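These notes concern the structure reproduced below.
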């Protein structure tokens with residue numbers, strides 16, 4: 001078996017071509033990856049958390065409200081001005097999302113989703129979950145010895 005490797009630069013990306021020669025057969029594979037620098041997001045870009053959930057089916061589902069807290073055990077506040085509309089009664093899976101654009105940098109947030117039936121009955125739909133902290137710069141630790 002004999003291998004041949006070739007690198008090619010084109011449009012700020014690198015592609016590696018690998019040719020493998022075996023008895024009477026030549027296989028060729030290409031692996032590409034970008035080497036372009038990604039611009040940093042503008043400082044004025046709003047911070048947000050996107051909350052996503054799904055249902056396998058729904059029965060008499062009016063919609064969903066999303067709740068947020070800064071502590072895992074609350075107190076929680078409803079952040080949806082209007083419920084996210086549900087699918088009513090459906091045997092089809094459905095996906096939902098709500099974008100929280102009122103977060104502050106460096107603050108830990110916890111969320112849960114509550115379902116609302118057509119008759120107004122409310123029920124916690126998801127467990128409480130923790131969102132990743134946004135808007136903080138990584139810190140570096142400095143060790144000093146004596």
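When all alpha-carbon pairs of segment 49-130 are counted, what percent fall beyond 21 Å? Working shown, then result.
Working: 894 of 3321 pairs.
Pairs farther apart than 21 Å: 27 percent.
Peptide packing: for 55-67, 72-84, the average count of neighbouring Cβ atoms within 10 Å per residue gives the ranking 55-67, 72-84, highest mean first.
Placing a pseudo-label 7 Å from each Cα along the Cα-to-Cβ vector at residue 81 and residue 108 gives an inter-label distance of 3.1 nm. Multiplying the residue separation of residue 136 and residue 71 by 0.36 nm and removing their Cα-Cα distance gives an extension gain of 21.6 nm.
Each reported figure results from applying straightforward, stated rules to the coordinates on display, with no laboratory input. Treat the numbers as computed from the prediction; the structure is a model and nothing was measured. Note: ideal-geometry Cβ built from the backbone for every residue, glycine included; neighbour counts use all protein chains shown.
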